[in-house]
There are 2 protein chains.
Amino acid sequence: MTSVELVGREFSVIGSRVPKYDALEKVLGEARYLLDLEMPGMLHAKILRSSHPHARLLSIDASKAARMPGVVDVITARDVRLNNLGYLKDNPPLKWGKVRSVRDEIAAVAAVDPETASEALHAIDVKYEPLPPVTDPVAALEPGAPLVHEELGTNRVNLDFGLSYGDVEAAFQRADVVVEGTYRTQYVAHTPGDTMGALAWVDAQGILNVYTNTQAPFLYQRWLAESLGIPAHRVRVIQPHIGGAFGRNLDVYPHDVITAALAMRTRRPVKLLFTRSEELQNAPTKQPLIARVRQGATRDGRLVAREVDAILDAGAYVGWGVFDARVMQYTVTGLYSVPAVRFRTTVVYTNNPSTAAMRSAGNSQITFAVESNMDELAERLGMDPVEFRLLNANRPNTVTPQGARITTCAMPEAIREAARRIGWRGRHSAGPHRGIGFACYFHVGGGARIYRSDGCGAIVKVDDFGGVIVSVGGTEIGEGLDTSIQLIVAEALGVPRDRVRVQINGDASMRLWDVGTHASRGTFVCGNAALRAALDARRQILEGASKILGAPPEDLEVVDGFVRSRTDPSKGMEYDKVVRRMHFFSGAQGRIVVASSFYEPPSEEPDERWHGNVSATYGFGCQAALVEVDPETGRVKVLRIVSAHDAGRVINPNGFEGQVQGGVAMGIGLALLEELHLSEGRVVNGSFEDYRLPRVTDIPEIDVVSVGEPDPEGPYGAKGVAEGPVIPVGPAIANAVADALGVRIRDLPITPEKIWRALALNVQ
Amino acid sequence: MTSVELVGREFSVIGSRVPKYDALEKVLGEARYLLDLEMPGMLHAKILRSSHPHARLLSIDASKAARMPGVVDVITARDVRLNNLGYLKDNPPLKWGKVRSVRDEIAAVAAVDPETASEALHAIDVKYEPLPPVTDPVAALEPGAPLVHEELGTNRVNLDFGLSYGDVEAAFQRADVVVEGTYRTQYVAHTPGDTMGALAWVDAQGILNVYTNTQAPFLYQRWLAESLGIPAHRVRVIQPHIGGAFGRNLDVYPHDVITAALAMRTRRPVKLLFTRSEELQNAPTKQPLIARVRQGATRDGRLVAREVDAILDAGAYVGWGVFDARVMQYTVTGLYSVPAVRFRTTVVYTNNPSTAAMRSAGNSQITFAVESNMDELAERLGMDPVEFRLLNANRPNTVTPQGARITTCAMPEAIREAARRIGWRGRHSAGPHRGIGFACYFHVGGGARIYRSDGCGAIVKVDDFGGVIVSVGGTEIGEGLDTSIQLIVAEALGVPRDRVRVQINGDASMRLWDVGTHASRGTFVCGNAALRAALDARRQILEGASKILGAPPEDLEVVDGFVRSRTDPSKGMEYDKVVRRMHFFSGAQGRIVVASSFYEPPSEEPDERWHGNVSATYGFGCQAALVEVDPETGRVKVLRIVSAHDAGRVINPNGFEGQVQGGVAMGIGLALLEELHLSEGRVVNGSFEDYRLPRVTDIPEIDVVSVGEPDPEGPYGAKGVAEGPVIPVGPAIANAVADALGVRIRDLPITPEKIWRALALNVQ
């Protein structure tokens, strides 16, 4: 059972319950994913990866593989010149000299079927000189540790996300109570329905076409071209239906480049698609975190200082995951009102997996650390954790030390609603073996300027038949952007919802630029772009109607598809008739209705001190978790979650609830169940039998609550909410476990074993 | 060997020789036509047609067919409610009550493969009561003739294209010489590579999707929806590569509606594609014409009066072919300067095939009549036919009696060039059994306002990588619109041609409205739309560059992709860099480059007297044909054609030459070879063995000549030329045959038999 409190009802479709735009085609099996795509003459690619986490490559002999029947092409680094990938351009799509992880790409085969390609991999003879691996980021920094990139002379990555605002030392001096703890989050797999892959071919025009489940088609176009050494205007990116991605598909990976290179060499379509076990073994992971958190408060419960030291294991190459630290910054400096803050980061190369952003991009990790520590601090203060949070909660119209300008903010309301609905009556009052925990979050809600442009473009066309076609640069990966866009455009134009068709994904050629689906920005940024285009189209219709009806445009409105005078009820006409009249009855002055827009949110790139208002607005929320712990087995059962969010005005209640429910489910996985176990950098539980995702029976009743006011910058007042719900689940459950048992688990996931050990230790 | 005289060379890509935009994909077999398209679960449709040209339908029993294995659906008029098609809405997609031609659709089957569908047709039991057919349009008007549409009480179609300007009777009185003749043109098949068909399916959203080789996607959307009784905004039209159409695909036909209805009923994809013999038997034909032409001239060779009485056989239902009369009007009233003109039309229902527009849409038929008569008149006057034509030729800045405002016009130059290049030395001077003939044409060259809007929309996007994407509403059916658009946009933006990608055909959803590819309007109308969008995009780039370079926009130009100051050579930057700077370095003021435009030509819908300037400009030309006739066999061999055209400035010389060569080849087919022979309305030569298309050995040397000045309204001065070349071939050859032998053939095609009979008659 879920409930949504809607802010208002003055709209015709905004806030109404509608099915997801593409729900039926998904349910009916008509949606075509990368998995479903085939082309005549298509080859299948497989990649040979390293047998060692760290080794010198002495020789690669692919001649036998190349001669196998059905094998069309075999490539190694010797055969193709490819430029390095990644933020620090440290990742060659095909490795030479040495390998730095068991995922390292050594050779690739294109063959007539996947089986032949796999067999050919076995025929490639690679000679290694194994090197000692380093798989612990702390050990990797010790003198004499094996060097992952020898030429750098250190395993410390040359990236510093550290910052400091206010006099932190003085603030800690002022604090009456200081609590410090070290918190760890684990390796997690993204596990969307879609596995990674690409289908590439060179067309007769010489254009490289790529079907990809990327979340960022325009960055993909650029980066793929750069790695291949071809102009980006010779690359066409096409997105089929995408079955989730959760941040995994924000980057271009060696397999993308390899697939394209094979297509360019063979002049045939080449498809590469990870099997589920290839996915679990080779896809980038969520960024694990080791964070020492130290917070100080005055006796009356005012937070005065916070210091976080974070160690981020980058794995062998720097991917987007490391940039989770930029999201962590805002939580370190901005979750709750705290005047003096310091954040230190150490990014480390190891022979472990590389990492990617994953839903909330660092915020779930850092919020686990901060919110666990908040509860510990409240306990040390002898304060009710809800009261403590309320006292320090973020408030509207404030600025964080890092420069985040908070406009709308209903964090206090979210805390109160969560406490009320979970039935909070104070610590240790939930019953035997039961506990209640709380955690809040602070997250971008109006885009996130991590690239020079955070904008999105949209085109709206209203045709002679009353059909409205909206093309947006944004990407639908299952999050429901399509539905938000449909509702926003229908509302803006004043036409029935089913008149609006959304063109999303597909060929990116004529779609207008968008930075990609991440940072909960779709509804806010793409919605604002679509809104502006729709309002322009509406203006054109009203101007046309003005001439036809003989009333000034400002006197006209569109209601349920009917253009009418506000002052003279006799003047009116169906909007599609207006459009036809404008087009067909104006002779050589005839015009059609089409509008384009580009919305760039009013946010700032952080300066060299990492100071800046990175988002046009921010989202807030609070979750309460009621758990029951079996003291014999240590098993935690989540009985109930209250998930209260300030997402501004809710455009699409079903979508809002879906995001919250999905986020909470994912958060439960992170909190209690999911972990990629590594042995010398290799995943040892690389199947869904061994990698434990949440099942429906793990998901409790979720009380979904919307709080807050319409945001002045958001489309119809909306703020982003896609990532928020996942963030506080882990700390809320950890806090609930502590409330139930009096033991605190500081590293995720909270397994029965860890509880059992902690209880055993407690008893001793 | 061909030659093109280019008007000017002040451009970077306009007028340069480039390969057709989609040539490689066609040559390499990558282009996907309707034929190539398949979908999972796709059914195949076949149509049961009448066994009689005219009959009452007593009963239809499809029960046995419906029970056959592999048959998924069988429909008759009883099963689906469909609205009539055609101009007069006289054509039910599925017939009931009676059938009026052997093409009449009685039932349709959807089955798992085409063979099963065909077999099922045989199992449908139809009982007829045959009625006497009427297949002669003159006989059809006689009292007591069988009535095709009994409820009308007459076979005369309620359409009158007649007009009269000037005092025709008085003018004929003034004439010193009057010559009258009756001319006939035949039934001809369009025979493009693509046969007719459709592939339809209803998607999960409930949208009816149709792959179609229509030439007019937006009219198709409307008319298909109207016939199906669904809103047009629920129809999505998608055009694959189209292998020619020549006017045949301007309408929506029963098979389109039937295919869609089967898809809606079965909820599976349904494909219908004519075999070549189905095509020759059932596709609409070119409109045949019977025209009595009477012209008068003064002794000194001034044309003073022209009168044409035309009979048009509409077949059983009124299709676009009948509207050829509207094109004929302009030639009757405007080919050569003639002050008093009258045109009478009689449109007749018969049990013959229905007709469609075909390249020149009536102009080749009427020009055969008028230009044959012109030669006869010149001979009667004792004047050189070239001199006679020159004397009466159209001139710039004149207005025809019907209101066609001629701006640019190089008809005199075309006549002179044709005479000079063919080596004209006067009548009967080409040598034994040889003859030279001339014919001119007057045709729309700036669109043709036969629908309320003659416009086209375009969108131009310049991306961060310097890629330019152009989407136009126009349709590529092989005519080369894609290449013209590419050149125009590259020229307007000042960027290399290969940076411009043209999006044409495909999904019509986001393309902006266009009336369709017909009337030689593509380069002119769609080119003007693309030009305006490109110039707007250029303006945006120059404004952006102005801020970056610190120079006023009007001081900036783009040359070879480089934006530079005209006055300060130190100020310059690559255009794509400008675009990136505008986007990425302007913070929240960042913008992208996208422009849309809609071009509606400054032409007029004719008034109730059929008076009006139907096109924004007009094309002219003259052809000379040198033929040799074997007096024993009557066989005509065309030795040489000079084809001189005023197409304004030639955008794409290869395209221009291709259109001229193709048009002349088609004209030779019409003149000498092609004819659908009918027996009681049924085609008796319905295969390429019996229906004689021109072969490469039938095509002589063609001297392609461009004359004329840039047109002020045309994009870079271009005028349409697609149809022109086909128009004068027939009369030029007929006039050459007369020059060679002294016998005149007044009905096409000019077969050996007709010549032999004429010669035999002459001898008698």
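The values are calculated or read from the model by the stated rules, or taken from the named source; none is laboratory data. Values in this document were obtained by computation on a predicted structure and should not be read as measured data. Note that each Cβ is placed from the backbone with ideal geometry, even for glycine, and that neighbours are counted across all protein chains shown.
Of all residues in the stretch A:324-342, one or more are touching an Asp or Glu at 6+ places or on another chain (Cβ under 9 Å), charged (D, E, K, R), more than 26 Å from A:VAL664 (Cα to Cα) and modelled with pLDDT of 95 or more.
Here's the yes/no breakdown for (1) under 28 Å from B:ALA245 (Cβ atoms); (2) touching a helix residue (DSSP H, G or I) at 6+ places or on another chain (Cβ under 6 Å); (3) assigned by TED's automatic domain parsing to the domain that holds B:GLN661; (4) assigned to a strand (DSSP E or B):
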position	(1), (2), (3), (4)
B:ALA305	no, yes, yes, yes
B:VAL308	no, yes, yes, yes
B:ALA325	yes, no, yes, no
B:VAL332	yes, no, yes, no
B:ASN351	yes, no, yes, no
B:MET358	yes, no, yes, no
B:ILE366	yes, yes, yes, no
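Of all the numbered requirements in (1) surrounded by fewer than 20 Cβ atoms within 10 Å (Cβ to Cβ); (2) within 27 Å of the chain's Cα centre (by Cα); (3) more than 16 Å from A:SER337 (Cβ to Cβ), A:ALA418 misses one, and that requirement is (1). Taken residue by residue, the stretch B:407-415 has at least one member that is β-branched (Val, Ile, Thr), more than 20 Å from B:ILE702 (Cβ to Cβ) and not in a helix (DSSP H, G or I).
Looking across the stretch A:223-244, just one residue is within 8 Å of chain B (Cβ to nearest Cβ) and surrounded by fewer than 18 Cβ atoms within 10 Å (Cβ to Cβ), and that is A:PRO231.
The condition (being more than 28 Å from A:ASP747 (Cα to Cα) and of a type in the set (D, E, K, R)) is satisfied by just one residue among A:ASP160, A:ASP203: A:ASP203.
Looking at B:VAL578, B:VAL636, B:VAL664, B:VAL593, can you tell me which residue is buried (at least 21 other Cβ atoms within 10 Å of the Cβ) and touching a Leu at 6+ places or on another chain (Cβ under 7 Å)? Going through B:VAL578, B:VAL636, B:VAL664, B:VAL593 in turn, the sole match is B:VAL636.
Evaluated against (1) assigned to a helix (DSSP H, G or I); (2) under 21 Å from B:ALA45 (Cα atoms), B:PHE218 falls short on exactly one condition, (2). I'm checking my understanding of the structure. Among residues of the stretch B:332-344 that are out of contact with any Ser or Thr (no Cβ under 6 Å at 6 or more places or on another chain) and crowded, with 24+ Cβ neighbours inside 10 Å, which one is nearest to B:SER50 (Cα to Cα)? Once the filter is applied, the top-ranked residue is B:PHE343. Out of the residues in the stretch B:599-621 that are buried (at least 24 other Cβ atoms within 10 Å of the Cβ), more than 14 Å from every other protein chain (Cβ to nearest Cβ) and not hydroxyl-bearing (Ser, Thr, Tyr), state the one that is nearest to the chain's Cα centre (by Cα). Of everything passing the filter in the stretch B:599-621, B:GLY619 is nearest to the chain's Cα centre (by Cα).
The number of residues in the stretch A:40-65 being modelled with pLDDT of 95 or more and out of contact with any helix residue (DSSP H, G or I) (no Cβ under 8 Å at 6 or more places or on another chain) comes to 17. All conditions in (1) within 28 Å of the chain's Cα centre (by Cα); (2) in a loop (DSSP other than H, G, I, E, B); (3) farther than 21 Å from B:ARG649 by Cα hold for B:ARG389, with the sole exception of (2).
Just one of the listed residues (A:GLY480, A:GLY506) is away from every other protein chain (no Cβ under 13 Å) and of a type outside the set (A, V, I, L, M, F, W, C), and it is A:GLY480. Looking only at residues of the stretch A:444-463 that are β-branched (Val, Ile, Thr) and within 14 Å of another protein chain (Cβ to nearest Cβ), we find that the one that is farthest from A:LEU741 (Cα to Cα) is A:VAL462. So, in the stretch B:199-215, exactly how many residues are in contact with a strand residue (DSSP E or B) (Cβ under 8 Å, 6 or more places away or on another chain), away from chain A (no Cβ under 11 Å) and not in a strand (DSSP E or B)? Final tally of qualifying residues: 2. Does at least one position in the stretch B:421-443 carry a residue that is away from chain A (no Cβ under 14 Å), within 30 Å of B:GLY742 (Cβ to Cβ) and in a helix (DSSP H, G or I)? Scanning the stretch B:421-443 turns up at least one residue that is away from chain A (no Cβ under 14 Å), within 30 Å of B:GLY742 (Cβ to Cβ) and in a helix (DSSP H, G or I). Somewhere in the stretch B:469-476, is a residue in contact with a Pro (Cβ under 7 Å, 6 or more places away or on another chain), more than 30 Å from A:LEU219 (Cβ to Cβ) and more than 9 Å from chain A (Cβ to nearest Cβ)? The answer is yes, given that some residue of the stretch B:469-476 is in contact with a Pro (Cβ under 7 Å, 6 or more places away or on another chain), more than 30 Å from A:LEU219 (Cβ to Cβ) and more than 9 Å from chain A (Cβ to nearest Cβ). Scanning the stretch A:694-727 for residues that are assigned to a strand (DSSP E or B) and among the β-branched types (Val, Ile, Thr) yields A:ILE702, A:VAL704, A:VAL705, A:VAL707. Of the listed requirements (1) out of contact with any helix residue (DSSP H, G or I) (no Cβ under 7 Å at 6 or more places or on another chain); (2) charged (D, E, K, R); (3) buried (at least 24 other Cβ atoms within 10 Å of the Cβ), A:ASP313 misses just one: (1).
Consider the stretch B:507-542 and keep the residues that are among the charged types (D, E, K, R) and under 23 Å from the mean Cα position of the chain (by Cα). The one that is nearest to A:SER471 (Cα to Cα) is B:ARG511.
For B:ALA140, are the conditions met, namely being closer than 23 Å to B:HIS255 by Cα and surrounded by 17 or more Cβ atoms within 10 Å (Cβ to Cβ)? Criteria not met by B:ALA140.
Of the numbered criteria (1) free of Cβ contacts under 8 Å to residues at least 40 places away in the same chain; (2) surrounded by 18 or more Cβ atoms within 10 Å (Cβ to Cβ); (3) of a type in the set (Phe, Trp, Tyr), the one B:TRP513 fails is (1). Just one of the numbered conditions (1) over 19 Å from the mean Cα position of the chain (by Cα); (2) of a type in the set (Gly, Ala, Ser); (3) surrounded by fewer than 22 Cβ atoms within 10 Å (Cβ to Cβ) is not true of A:GLY681: (3).
Those helices (runs of 4 or more DSSP H) of the stretch B:78-197 in which 1 or more residues are closer than 24 Å to B:THR212 by Cα and among the aliphatic types (A, V, I, L, M) occupy B:114-122.
Checking the stretch B:520-541 against the condition returns a match, with at least one residue being among the polar types (S, T, N, Q), at pLDDT 95 or above and surrounded by fewer than 24 Cβ atoms within 10 Å (Cβ to Cβ).
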